[in-house]
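Written out below as C-alpha cells is the structure these notes cover.
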Amino acid sequence: MIAFLYPGQGSQHAGMGAAWRQHDSWELVVEASDATGRDVGHLLLEAGDEELRETRNSQLATFVTSMVAFDAVSRLGRRNQRPRRPQPGRVHRAGRLWGAGLLRRSAPGC
C-alpha cells in the first residue's frame, strides 16, 4: 500500500519545484498555468518566500507540487494501489479527490 500525505499551506518555500523541473510530471505545471492563467512555474522555481506567503500563491504552489509528486508515482505503474475514495484528514480536498481518481486533469475547472 502507498499512502500520500498532502502538505498544507505553510509548507511552501522558495524553489520548491526545482527537484521536479526535469521530470515528465512537470507537464502538470504547464497545464495548471494554462488552466489558471497564472505562471505556476514561476511560483515553484523563482518566487521568494514573501510572495509564496500570499494565500493565493501558497495554496496553488502547494497543490500543484503535490499533484506533480502524485503523478510521478502514478507513472511508476502503481495506479492500482490508489485509494478508492478520499480518506479523512486535514489535507487539501482537491488533493484527496485527485488521489482517489475522482478529479481528472481534463475535468472542467482543473
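Bear in mind these aren't lab numbers, they're just calculated from the coordinates by the rules spelled out. Just so you know, these numbers come straight off a predicted model, no measurement behind them. Cβ coordinates were reconstructed from backbone atoms using ideal geometry, including for glycine residues, and neighbour counts include every protein chain displayed.
Figures for the structure shown
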item	result
Net charge of neighbours whose Cβ lies under 14 Å from the Cβ of residue 56, counting Lys and Arg as +1 and Asp and Glu as -1	-2
Virtual spin-label span in nm between residue 5 and residue 19, 7 Å along Cα→Cβ	1.4
